[in-house]
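This report concerns only the one structure given below.
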Amino acid sequence: MSIHPMELLKQKVSSVIVNDQTSLMNEKNDVLSRFYPILLYRFLEKPELVDKLREKLTPSVFDLLEENDRVKNAMLLRLAAGKVSIAEAEVILNRAIPKSLAVLSNEAGNDAIRIIYYLRDHKASIYSLLPNWTEEVLAQLYETEHNVPVLTPMPAISAEPEPKKQTKIFPFLTVLFGFSLIFLYHLSK
């Protein structure tokens, strides 16, 4: 029987990241412990994220959450929970993602499919470890796709300007001006 992915990440990733830091070890460990089920859940729900994140030079929380700032900020706010700064929580998680992928690859195999099968073996326990706010926060990922406002098409503006209507007074004024000139010419003789 393989080791549970949560225990694996706590042993091999948390120990490296938290022991690198000098202060707030317990708080940082707590942030990571609440993050791992979310990370694994995202891999189970969207398996292509495994390869997508492995292809990145420095995968981040932003990449994990499909570049959705609103979801990222909501998750970081809840994970930090006032114990560490949001910026520090993001740095910790950004360091944990590539290390977690490496550890999962070493345990399950380098192929993304093997990692997903490994996680599926522990799916029920991973889901049970998710923070109670996870569904609410991650639901926003799907809202943005469906709630895009539909723009009503505007009527097309013709490229050619409408021709100006010539007033009928112009020819009349031209004729009047012409007669005035002739009249003035005859007067001056």
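The values are calculated or read from the model by the stated rules, or taken from the named source; none is laboratory data. What you see is a predicted model; the values in this text were computed from it and never measured. Cβ atoms come from the backbone with ideal geometry, glycine included; neighbour counts cover every protein chain shown. The accessibility values were calculated without ligands, DNA or RNA, using every heavy atom of the protein model including side chains. Shrake-Rupley method; radii C 1.70, N 1.55, O 1.52, S 1.80 Å.
Only one entry of Ser100, Ser85 meets the criterion of being open to solvent by 50 Å² or more (accessible area, probe 1.4 Å) and among the polar types (S, T, N, Q), and that entry is Ser85. Taking into account only those residues within the range 68-82 that are open to solvent by 60 Å² or more (accessible area, probe 1.4 Å) and either in a loop (DSSP other than H, G, I, E, B) or not aliphatic (A, V, I, L, M) (or both), which is nearest to Glu135 (Cα to Cα)? My answer is Arg78.
Residues that are out of contact with any Leu (no Cβ under 8 Å at 6 or more places or on another chain), among the charged types (D, E, K, R) and more than 20 Å from Ile86 (Cβ to Cβ) do occur in the range 11-31. Among the residues of the range 49-62, the one identified as within 23 Å of Trp133 (Cβ to Cβ), touching a residue at least 12 places away in the same chain (Cβ under 8 Å) and either of a type in the set (Asp, Glu) or open to solvent by 10 Å² or more (accessible area, probe 1.4 Å) (or both) is Ser60. Looking at the range 120-171 only, could you name the residues that are part of a loop (DSSP other than H, G, I, E, B), of a type in the set (A, V, I, L, M) and at pLDDT 70 or above? Residues satisfying the conditions are Leu129, Leu130. Among the residues of the range 92-105, are any β-branched (Val, Ile, Thr), assigned to a helix (DSSP H, G or I) and more than 22 Å from the chain's Cα centre (by Cα)? Yes, the range 92-105 contains at least one residue that is β-branched (Val, Ile, Thr), assigned to a helix (DSSP H, G or I) and more than 22 Å from the chain's Cα centre (by Cα).
Restricting attention to the range 68-77, does a residue exist that is touching a residue at least 40 places away in the same chain (Cβ under 8 Å) and farther than 22 Å from Lys52 by Cα? Checking the range 68-77: at least one residue is touching a residue at least 40 places away in the same chain (Cβ under 8 Å) and farther than 22 Å from Lys52 by Cα.
For the range 39-48, the set of residues classified as surrounded by fewer than 22 Cβ atoms within 10 Å (Cβ to Cβ), within 20 Å of Ala89 (Cβ to Cβ) and not hydroxyl-bearing (Ser, Thr, Tyr) consists of Arg42 only.
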